Structure formats: C-alpha cells, structure tokens
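The values are calculated or read from the model by the stated rules, or taken from the named source; none is laboratory data. Remember, it's a predicted structure, so these values are computed and weren't measured experimentally. Cβ sites come from the backbone with ideal geometry, for glycine too, and all protein chains shown count toward neighbours. What goes into the accessible areas is simple: the full protein's heavy atoms, side chains included, and nothing from ligands, DNA or RNA. Shrake-Rupley method; radii C 1.70, N 1.55, O 1.52, S 1.80 Å.
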Amino acid sequence: MTWDPSTHAIALGCGPSGAFVDVSEYVLFNEGDVTHTWGQPSAFTAVRPGTLSFTLRNPDGRFTPGNAAVLDTPVVEGMPVVWQIQGRLVEMYVRSVRVLWGDVARPETARVRIDCDDVLGTAARTRFTNAEDQIEETAGLLARWRMDDAAGSQIAEESGPFGLLPLAMLSATFGSPRFGGDSLPWSSLTQLRGGDPLTDPSVLRSSPITTTFDYPEGQGGAYSFWITVNSYEAISSDLMRVIIALRDAHSISIAVNGPTTGNPRVEVRLGGFAGPFVTALFDAPAPTSVFVSVVNDIVGGNQRVRLYLNGVLAGTASRAALGTDRRSLTPQLIEVNVQGFGGTSDFLLSRLTHTLELPHGELARGLSNIAGLLAVVDDLVPQMNMNASTELWGASISADQASTSALGVLNDALSVEQGYVYSSTSGTLTSPTTELVVRERTRPDTPDVTFVVTEDLLGAPVLARDLNDTVSSVVVTGATAAVTVTDSSLRPLVGDASTSESSLLQLEADLRAWGQDRLRRGANVAIDVLEFTVDARGTNADRWADLLAMKPGDRVRIEGLPTEQLGLDSYEGWLIGCVETHTPERNLFRPRLARTLAEARFDTDRFIAADELTLVGAINSSVTTFSVATSGARLSTTDVPFDIQVDDEVMTVTNCTTATPQVLTVTRGVAGTAAASHSAGAVLASVAESIFGF
C-alpha cells in the first residue's frame, strides 16, 4: 500500500536552521507499521513518555545520523518530529535511529527505523540536583559565594568563573561570623550563621569589584542575584543584610529583619529608586529563596528591579538612569552585614549568587511547593510549554523530590491530585505548537465516548480480576504524619499483605483518604475491563473522530458485554493510556482503562465539591440511615459500597437513594474510627478518592 498523505504525514526538523520539512514521500508504510503509545500502562504505574516509531527510505543516506551531505540539518537525537494522522498532530523528538538494509548490494533498499518520545521523555532525562543550581547554570554564572567554608572561617571564598575576591571581615574588632551551620533541608551547603548577642555588627565585605562584567548588549543587559536565607527566633532589633553597591553610588540592599507582626520581614531597599523599599513577609523557619532581578534599559534610561520570594513576585521598583552607561549600573561592591543585639536570634545565609542573565521568564522558583518546582521544570525543559491550573498544585513537596527527574516531580504531584498529564499539539505539520497539559481533578459524570462490543470492538475486551496489586493494609506517609489504613475484608484474599505509599498531603484525614483509595483501587472486587481494541476503519461505524480525540481522564463506556457469562452488560472506566498500531490494512487503537468508582468531585484539600454535601439533621452514634443535602455534587447510587467521612468518623455507604435529599444507609465507625454524634450541617467528605481511581 502506498503512503496516503490524506491519512498520514510526517515532518522532520531537518530544514535550514532546523525548520520542519515534510518527508512523507520517504515513509515506508508497507515495510513496518507506525506505532504510537501514550499514558499509563496500568492503574498502578506512573505516567510514561509517549512514543512514536516509523520507517523511512534512505537510499542516499540522508537520514543517517551525522551525514550532512543531503539535508540542511543532519538527523540527530533530539530532532523534532511531527506526525499527522487524519488531522491530529503529534510532536515527538528523535530518541534513536536504526540504519537497516534489505540487500547491501542494492542501495535502494536502505532504510532507517526512527524511534521517538515526547516532551515527557525529555522531562524524564532532566535530573534535578538543586533547582537553584540548575537555574544558575541556565542563566550563566558570574559569581557565587557558597558560604560552604570550614566552620570558624572568617571569609567566604568566591567560586565563580572570574575568581572574584572573597567576602572577608571588615574589622577584627567585630564579632566573628560562624560557618558550618546546619544545612537547609534541600541544600548540602553549609551556611554563614549570624545573630549571636553581639555588641557590634558582624560584617563580611568584598573588596571593590574590579571586573567589569560583559553583560549582554541590546537594551543594556540584565543580571540577577540569588540569596538563600533562613531565619530562626529573630527579635525585632536584629538584622541580616546583603548590600550590592552599584558603580554610580546607588545600591540594592536585601535585608531580613526581626519580626514586627509575628513573622520576620524581607526588605529590599533601593537607594535612589522610586519607592524606598519593597516589603514582604514569610513564615520562619521555612527556607526562603530571595531573588532580585535587575534589568538595565540604557536606551530608555531606566533600571528596573524585581523581587521574588519563593518564586512569587513580591514587588517592583525602578529609577531613571539618564546619562549613564551600562557599566555604571553594574555591581561595584558586595557586603554581608549581620547584627544581633541581645536575646536569641539566629540568621542563616546559604549562598549569594550573581548570574549573567535572568532565568527564563524572570522566574525565581523555590522548592517549598509543587507549583514552584513544576515552574522550574517548565524553565529547564525548553520544549515544555506547561498548561496547568495553579489550583492543581496545592500540596507541599518533600525535600527528597529535589533529586528526582522532572517527570518524577510530575508523577509525584499527579499521585496526590489524581490528575493526568499529556502532550497536545496544534498548528500545522510544518509549524506545530505543543504544550504539556495537566488535566484537572474534576471528571465528567457522563461518558465522553461509548463503544458497543459487537459493533465497534475487534473481539472481546481484555477482562481480568487480579490480586497482584491487592493489599489489606497500607501505610501512607505524609510531610508531618503517617496513617495506617486496613481493610479486614481483604485479608481472606491476600492475607496480611501491606504496602507503603508516600504522599505530599499533610492532613491525617487526607492521608487516610489516600490510603482508602489505594485499598479500593487494589481490591479488584469485580471483573475489570483492562483494555479493548478498535479498528478505526474496520468497525460498523467510522470511529476516527472519537478515537483521535480521546485523552487521559476521559470517561469511556463499554456496552454489549455478555451478561450471562460476566454478570454485567456494561462497564465504565477512566481512560489512562493507549497503544496505536497503524498498518496498510488496519488502524488499531488499544485503549487502557481504570475502573470508575464512587462518583464525587474534589476541591482544595477536601474531597467532594467544596462542602456541597452536608447532613440534613443531627445524628447520634447509632443511627445507620440519614439524609444528605446535595447542592451541586451528588453521590453515586450504583457504585456501592464506598466510604465517606463526617468529622473524624469514617462510614461505609451500602445504599444511596436517587431522590433529593439523598438518603444513605451506612455501616458506622469503619477504618479504625469510632461512631460518634454529628451536628446538622456537618460536611461529608469522600474518604475513597475513588472517582479518580487511577
């Protein structure tokens, strides 16, 4: 079968300067299939990179890696690829090229098999050491005082590429700074520690900076400073300050003062700028990343300074710099000043870094939450264009996430929020735009697509009941607590099997909910449809549009199952992934599903629709039937049993009516909790986060 451009087309970034070129005429569709995978292989595995494989004719060696004889840009790993099928675009990146021959004596039989993966593959290969170190590398390091000198040192050596002078004591009469302080949770560095009860300030000062940094030309250049600081038990009269003196007698001063309203205060004083300072508060003792970006606009005669605290813009200031040149706006002197005037105060400074340019998007991202770390992912993976609601990433991130991959961070976040991530490409074959989409936590109540076994499927779906992922007990460890959840009804099936889960959630109720969901997902109490196969061209109806539009998180319904053999005539599941195989004869799609369990909605750190389910009236500790007010959210009437939580009590719902208000029949005090009285208006939370069942 010849290549049909109306069905398939492929472009490679092999044109001038990497422009896309349509290479469909070289595709050997009849000598190897086009395969494409995306999503999760099963409900108990993490999201994996999407893949694409295809075969090209290569008689003149144009697609052989490193051969620059024919193409404007030789094929190389990482080269972008766009595949079009019936209007759907998929952008990938070359991962490997296998050079093949049918007959060595006949060059026309030469071909290559190209294997690709998507932006999630790039994210999987992007490793974190420390987010700030990564940004230093991408922004271009000019100077760095790491404060990692030996304990007792009175100087801080500079470790940047220009060998600038160390920060040294201004006078021997001042109190000595202490190095060798305890490391911040996400840093292996030691810190300058100051704040002993001193009678005089303790000052570390660099000699005048004689190097004139060659900032980028154009609009005058940009540079930035990272200051990583922590504060413990500071009193109002104490101060730690980093001063950057500019060459034209102006200055930028970043100060951490003792508390005035319960929290230490970060101040940026801008000598000669519009507005005396920018103030922001942060909670001690959380580590704080203070990032100051400076943009010199020589043409417009302005200098702009922005302050970020843990990745959040805290303020902006500017000043006119008419009549000055670019060099006069650069640093001339840097000093650190620590003052302690009694009481117990303790300031830590872990680094001071000077970078050549602003990090991508002028963003300084802390490691205190998923949003910040994902923003670092977005900055560090050039191909990644993140499309995710900020509401999706509310949980805190633990210290050890800093050493994983970018994809690992995404999967950590998704495992908490029960979301999905996938790449989506729009535009045209030779001018595509790809973004990484994070699908939010809400799920449709009705199927997005329905397939009928006898009309749409190739044979019967794959059905299974499998104990491989079933446990009777799970320990869920969060940032500040650990919860053990046990289901005695599962013990006859698997014995005392247990597992451990790490969660980014913090509340014990949420950890218990996570554990309940894990037990429910693994219980496998019924026959599940794991995957099914549809031929886009071989079914009774043309299903191209439905199949190509499917994405992770869609609700899929299978109808026409044999009731006599299975005990059910339909099945609904969340789409978690798909394997596609396209040959001259068939276009096969094998979607994979995870069971949809109790129906509910999830919002903030509570389960079920932001307090939309409440008790109609007060109940005592013994009743087993009561009414629930439903204003927006509704509980499932069919997918029972499922667990709910009212205050500190967990209950199992065994029956639920359709009429409003819904009437629940429950088993009281399950999952190690005790039956108790509850007042009218008490909020119901779905303990099993099972609507989102991975």
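I need the phi-derived Karplus couplings for segment 54-70: 6.51 cos²θ - 1.76 cosθ + 1.60, θ = phi - 60°, integer Hz, Gly and Pro marked x.
So the Karplus estimates, Gly and Pro as x, are 7, 10, 10, 5, 9, x, 9, x, 5, 9, 6, x, x, 8, 9, 6, 10 Hz.
Please give the charge dipole size of segment 1-104, origin at the Cα centre, charges +1 on K and R Cβ atoms and -1 on D and E Cβ atoms. Round to the nearest 20 debye. Could you put the intermediate results ahead of the total?
Details: 6 positive and 10 negative charges, 71 e Å.
Around 340 debye, computed over segment 1-104.
Give me, ordered by chain and number, the residues 5 or more places off Ala314 or on other chains with an amide H under 5 Å from its own placed amide H.
Under 5 Å from the amide H of Ala314 lie the amide H atoms of Leu307, Tyr308, Leu309, each far enough along the sequence or on another chain.
If you take the beta carbon distance between Gln565 and Val663 as r and set R0 to 30 Å, what does 1/(1 + (r/R0)^6) give as a FRET efficiency, to the nearest 0.05?
Values: r = 34 Å, r/R0 = 1.15.
After rounding to 0.05, the efficiency reads 0.30.
Assigning unit charges at the beta carbon (Lys, Arg +1; Asp, Glu -1) and nothing else, what dipole magnitude in debye, to the nearest 20, does segment 418-486 show about its Cα centre? Spell out each step's value before the answer.
Working: 4 positive and 8 negative charges, 52 e Å.
Magnitude of the dipole: close to 260 debye.
Per residue, how much accessible area does segment 423-498 have with a 1.4 Å probe, in Å²? Write out the running numbers ahead of the final one.
Details: 3830 Å² over 76 residues.
On a per-residue basis, segment 423-498 sits at 50 Å².
First measure r as the distance between the Cβ atoms of Glu25 and Thr654, then evaluate 1/(1 + (r/R0)^6) with R0 = 41 Å and state the FRET efficiency to the nearest 0.05. Can you show the working numbers first?
Values: r = 63 Å, r/R0 = 1.55.
FRET efficiency, Glu25 to Thr654: 0.05.
May I ask you to derive the FRET efficiency for Thr638 and Ala151 from their Cβ-Cβ distance with R0 = 56 Å, giving the value to the nearest 0.05? List each step's numbers first, then the result.
Working: r = 66 Å, r/R0 = 1.17.
Once the sixth-power term is evaluated, E becomes 0.30.
By how many nm would the segment from Asp496 to Arg88 lengthen if fully extended, with 0.36 nm per residue of separation less the alpha-carbon distance?
On the way: separation 408, 0.36 × 408 = 146.88 nm, distance 4.81 nm.
Net length gain for the segment: 142.1 nm.
Report, by chain and number, residues whose modeled amide H sits under 5 Å from the one on Phe642, excluding near sequence neighbours (fewer than 5 apart, same chain).
Close amide H contacts, sequence-distant or interchain: Val653.
Could you give me the ³J(HN,Hα) list for segment 423-429, computed from phi with Karplus coefficients 6.51, -1.76, 1.60 and θ = phi - 60°, whole Hz, x at Gly and Pro?
9, 9, 10, 10, x, 10, 4
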